[in-house]
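Since the structure comes first, as C-alpha cells, the remarks are kept for the end.
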Amino acid sequence: MQVKHNIYKLPFLHPFTISKGTKTEQPTFVVELEFMGIRGYGEAPAISYYNIPVEKMAADLEQKKVFVEKFAFSDPERYWHYLHHLFPANPFLVCALDMAGWDLYGKLKGKPLHQLWGLDTAAAPLTDYTIGIDTVEKMVAKIKERPWPIYKIKVGVDGDMDMVTALRKHTNAIFRVDANAGWTLEQALQKIPVLKTLGVELIEQPLAKEDWEGMKILFEQSVLPVIADESCVTESDVEKCHLHFHGINIKLTKCSGITPARRMIARAKELDMKVMIGCMNESSVGTAAIAQLSPMLDYVDMDGPLLLAEDIAEGVGFDKGKILFNGIPGLGINMQAF
Ligand code: MG
C-alpha cells in the first residue's frame, strides 16, 4: 500500500462566525491510499480549538509512513485498530486514514459503503444548512440566497434570541440552534422554551463541555431535545452523555473516523439516544463519508461543500436538503489523484 497526503486551505463563501470566533478559510488534510492500483481518499479538517493543525497531521504521518504502508490491508476495521495504536494522540489523522481505508474497501468490492452496510438511502434524513453568526440583515440574506427546509443557526452570543426571532419572520423552515457551549444553565432554562415557540427543533451544546451537573438539570427540564457536540468527542463519551443529553452529534474527525462512528451510533441507539452526524466544514470528500452513514441517523448536518467557495472532489449532491446518492463505489466521490 502507498500513502500520500495533501493540504488544502479552502476559502469559505462567506466569513464563518460561531461563538468561538470567525474563519475565512478551512485548512484540511487529505490522504490517498493506493492498493493494487485502486485509490481511496480520506479527509480531516483542522479546528483550532482541538489543537491538531494540518501540519501536525502531515508530520505525524510522515514520521510513521512506513508502518502505515506496510499494513496488509484487508478490512477497514482491523486497519482502524492498527492506526489507533500507531497514532494514539492524533485522532484527526486516524480519521483521514480510516476514511481512505473505507473508500478503498468499497472500491475493491465495487459498491457504495451504504450498500455494503445494508442501509436504505430512502431512510436518510434531510441535511440542514448552517447560518453563521452575523448581522440580522446578512443572516436573512444567507437564508434568501439558499432556500432550505432546515437551517442550523449558530447562537451563544449576546442578542441571539433577537436574532432567531428576526429570522423567523423570513422563513417557515425548521430551525436548529447551536450555542457552541455559549450559555449558562440559567440562560438555557430561560431561552429554550422561547426557542420552542419559534419553531426550533433541537438545541446543540448549550453549556460548557464539562458542565455535567448543569446538563443533568437541563436534560430533565428542557422542552426541546438537547444534543451533545463538544461534550461528545470519543467513543467513551456516549456513555457519559447518557441521561445528560437527549442525543449526540458525532464528528468523524473528533472521534477518529467511520469505524468508531459506527460503534457510537450503535451504542447511542441502544441507550435510546438520538444520533446526529455533524460536519466540520469538510470538502466533498469528508461529506461523502457522512452521507454513507446518514440512513442510520436522526439528524444530519453535512453542509460543508455548500459553505465553501472551493471543493476538491465531486461527491454527493443536494436537492434542498435531500442527499443525492450517486452509486459510485466507496465513499461516492470522483477525485483527481494527487
Ligand atoms: Mg456544534
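Please specify each residue of region 251-299 satisfying the condition of being in a loop (DSSP other than H, G, I, E, B), in contact with a Pro (Cβ under 9 Å, 6 or more places away or on another chain) and within 16 Å of the ligand (Cβ to nearest atom).
From region 251-299, those in a loop (DSSP other than H, G, I, E, B) are 251, 256-257, 271-273, 279-283, 297-298; that's our starting set.
The next check asks that each one be in contact with a Pro (Cβ under 9 Å, 6 or more places away or on another chain); those that pass are 256-257, 279-283, 297-298.
Those that are in a loop (DSSP other than H, G, I, E, B), in contact with a Pro (Cβ under 9 Å, 6 or more places away or on another chain) and within 16 Å of the ligand (Cβ to nearest atom): Cys279, Met280, Asn281, Glu282, Leu297, Asp298.
Restricting attention to region 37-64, report how many residues are open to solvent by 60 Å² or more (accessible area, probe 1.4 Å) and either touching a helix residue (DSSP H, G or I) at 6+ places or on another chain (Cβ under 7 Å) or touching a residue at least 60 places away in the same chain (Cβ under 8 Å) (or both).
Counting residues in region 37-64 that are open to solvent by 60 Å² or more (accessible area, probe 1.4 Å) and either touching a helix residue (DSSP H, G or I) at 6+ places or on another chain (Cβ under 7 Å) or touching a residue at least 60 places away in the same chain (Cβ under 8 Å) (or both) gives 2.
Of all the residues that make up region 235-245, how many are more than 15 Å from the ligand (Cβ to nearest atom) and either buried (at least 20 other Cβ atoms within 10 Å of the Cβ) or more than 18 Å from Met215 (Cα to Cα) (or both)? Working first, answer last.
Of all residues in region 235-245, those more than 15 Å from the ligand (Cβ to nearest atom) come to 235-236, 238-240, 242-244.
Now narrow it down to the ones that are either buried (at least 20 other Cβ atoms within 10 Å of the Cβ) or more than 18 Å from Met215 (Cα to Cα) (or both): 235, 238, 244.
Within region 235-245, residues that are more than 15 Å from the ligand (Cβ to nearest atom) and either buried (at least 20 other Cβ atoms within 10 Å of the Cβ) or more than 18 Å from Met215 (Cα to Cα) (or both) number 3.
Report the residue count in region 79-124 for those that are over 23 Å from Glu34 (Cα atoms) and surrounded by fewer than 17 Cβ atoms within 10 Å (Cβ to Cβ). Let's see the steps before the verdict.
So the first thing to find is which residues in region 79-124 are over 23 Å from Glu34 (Cα atoms), and the list is 88-89, 118-124.
Narrowing further to those that are surrounded by fewer than 17 Cβ atoms within 10 Å (Cβ to Cβ): 88-89, 118, 120-123.
Counting residues in region 79-124 that are over 23 Å from Glu34 (Cα atoms) and surrounded by fewer than 17 Cβ atoms within 10 Å (Cβ to Cβ) gives 7.
Being part of a strand (DSSP E or B) and within 19 Å of Asp178 (Cβ to Cβ) is the filter here; which residues of region 8-32 pass it?
Phe12, Leu13, His14, Pro15, Phe16, Thr17, Ile18, Gly21, Thr22, Lys23, Gln26
Does region 290-299 include one or more residues that are crowded, with 22+ Cβ neighbours inside 10 Å and in contact with a Cys (Cβ under 7 Å, 6 or more places away or on another chain)?
Yes, region 290-299 has at least one match.
Does region 210-219 contain any residue that is within 30 Å of Asp162 (Cβ to Cβ), aliphatic (A, V, I, L, M) and either touching a residue at least 40 places away in the same chain (Cβ under 8 Å) or open to solvent by less than 10 Å² (accessible area, probe 1.4 Å) (or both)?
Yes; the residues of region 210-219 include at least one that is within 30 Å of Asp162 (Cβ to Cβ), aliphatic (A, V, I, L, M) and either touching a residue at least 40 places away in the same chain (Cβ under 8 Å) or open to solvent by less than 10 Å² (accessible area, probe 1.4 Å) (or both).
The values are calculated or read from the model by the stated rules, or taken from the named source; none is laboratory data. Everything quoted here is computed from the prediction, not taken from an experiment. Cβ: placed from backbone, ideal geometry, glycine included. Neighbour counts: every protein chain shown. Accessible surface areas use protein heavy atoms only, side chains included; no ligands, DNA or RNA. Shrake-Rupley method; radii C 1.70, N 1.55, O 1.52, S 1.80 Å.
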